[in-house]
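Visitor: Got a structure here, written out as structure tokens. Questions coming.
The values are calculated or read from the model by the stated rules, or taken from the named source; none is laboratory data. Treat the numbers as computed from the prediction; the structure is a model and nothing was measured. Here the Cβ positions follow ideal geometry from the backbone for every residue, glycine too, while neighbour counts run over all protein chains shown. For accessibility, only protein heavy atoms count, side chains too; no ligands or nucleic acids. Shrake-Rupley method; radii C 1.70, N 1.55, O 1.52, S 1.80 Å.
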Amino acid sequence: MAKGERKKLTSKAITDKTSLESSEALRRVQGAVLALVVIATVGVLGYMMFEGWSFLDALYMTVITLTTVGYKEVRELDTSGQLWTMALLITGVGTLFYAAVSFVELVVEGTVRGYFARRRMDATINKLSGHYILCGYGRVGRQVAQEFSDDGVPFVVVDQDPKKVEECLEKAYPALLGEASEDTTLEEAGIRRAYGLVATVNSDADNVFVVLSARKINPSLHIVARASSDEAASKLEIAGADRTLSPYAVGGRRLASLATHPHIVDFLDIVTHGEEGIEFRLEEFRVPKDSAVADYTIGELRIGEKTGAIVLAIRTRDGKFDTTPSANDRLQAGDTLIVLGSREQITRLEALMHGDRR
């Protein structure tokens with residue numbers, strides 16, 4: 001996701017952040033009220049001790065003094081009573097005004113800020129299209145979000161933990177506070193306009209509910225789900241997931257590959273992630289229905305000559321892989337090309353796929 005896009009936060013995330021910012025004002029109000037209670041208590045005890053008044057008379061005198069209503073004293077005050085009243089006015093009235101100002105700040109500022117923040121973010125969400133919804137910001141979700149951010153992929157994080165949402169905001173990730181399996185939450189995340197959804201909630205059962213809800217709302221959504229076992233993976237696929245992945249199985253295969261073929265793993269990491277300073281990278285391109293390259297062979301298109309990119313494999317629309325494509329292979333709408341090339345070569349190939357035959 002572009003930097004400007006990442007800095008735009010969703011409405012619920014902004015509301016949550018606003019409440020966190022308002023907590024400081026709430027603490028000030030609580031401190032002022034506590035101080036006011038202490039001052040009032042001390043004031044009552046002072047009148048009872050210095051003037052010998054009853055509790056009710058001392059309480060009444062303390063209240064009219066702190067509120068500055070200007071009523072006549074309960075009884076005539078001697079010198080000690082006058083000094084005590086002045087001390088009570090100086091400390092108590094200032095504390096009362098401080099508490100009132102802090103309370104008004106808490107109510108007005110929090111309400112107004114939250115209102116305009118929601119308005120801005122509602123407009124931002126309505127503009128999102130072709131993005132990914134990342135459900136769950138745990139250990140796997142954090143890595144997915146980092147990869148999306150590094151690759152410039154637009155996405156929205158959905159999590160029910162306010163602390164995790166706040167962590168996303170600190171990293172400038174758009175985040176939504178809510179239950180990912182609820183239709184209203186997915187609607188707020190723009191699921192009808194989204195391209196895909198990644199379910200990385202820690203519980204397999206929760207992931208199944210997320211996939212079911214998402215598939216019901218948007219049947220064409222591309223859904224990838226985390227699974228802890230083969231049994232869970234099959235249930236997720238029945239629920240509607242296009243792809244499932246077990247982090248434990250992937251981690252085990254990667255550890256084995258690092259032990260036996262470390263240089264191959266390093267090379268694949270470089271070309272798949274497109275690290276800065278590395279010229280070549282792997283990309284995939286899907287041949288759209290109205291593409292100008294459909295029904296032409298690789299040789300007729302002269303892909304290597306025009307773009308410089310190398311076609312490593314073709315995944316046909318029926319799901320089969322051709323790992324040794326030749327110049328005679330004909331491209332069909334729905335096929336996916338796996339290519340290797342520099343950033344400039346990839347850009348030229350992308351232009352060719354969208355109709356520029358020059």
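Visitor: Round to a whole angstrom and tell me the spacing of the C-alpha centers of the stretch 30-71 and the stretch 153-182.
Guide: That distance is 49 Å.
Visitor: Then there is this: What ranking, highest mean first, results for peptides 164-171, 252-259, 135-142 when packing means the other Cβ atoms within 10 Å averaged over each residue?
Guide: Ranked from most to least packed, the peptides come out as 135-142, 164-171, 252-259.
Visitor: Continuing with the same structure: Pairs LYS127/LYS216; LYS164/LYS235; LYS235/LYS289: which are spaced more than 25 Å apart, C-alpha to C-alpha?
Guide: Exceeds cut-off: LYS164/LYS235; LYS235/LYS289.
Visitor: Sorted by packing (mean other beta-carbon atoms within 10 Å per residue), highest first, where do 221-234, 81-94, 147-160, 173-186 land?
Guide: 173-186, 147-160, 221-234, 81-94
Visitor: With a point put 7 Å past each Cα toward its Cβ, work out how far ARG330 is from VAL38 in nm, to one decimal.
Guide: Distance between the two pseudo-spin positions: 8.8 nm.
Visitor: In addition: Report the label-to-label distance for PHE103 and LEU89 in nanometres (one decimal), using points 7 Å from each Cα along the Cα→Cβ vector.
Guide: Placing both labels 7 Å beyond Cα along the Cβ direction yields 2.3 nm.
Visitor: Another one. If packing is taken as the average number of other Cβ atoms within 10 Å across a peptide's residues, how do 55-63, 281-289, 200-208 rank, most packed first?
Guide: Going from most to least packed, we get 200-208, 55-63, 281-289.
Visitor: If I model a spin label as a point 7 Å beyond the Cα along the Cα-Cβ vector, how far apart are those points for ARG139 and ILE238 in nm?
Guide: Each label point is offset 7 Å from its Cα along the Cβ direction, giving 2.8 nm.
Visitor: Can you give me the % of accessible surface on the stretch 197-324 that is carbon or sulfur? Probe 1.4 Å, all protein chains present, nothing else counted.
Guide: Looking at the stretch 197-324 in its full context, I get 56 percent from C and S.
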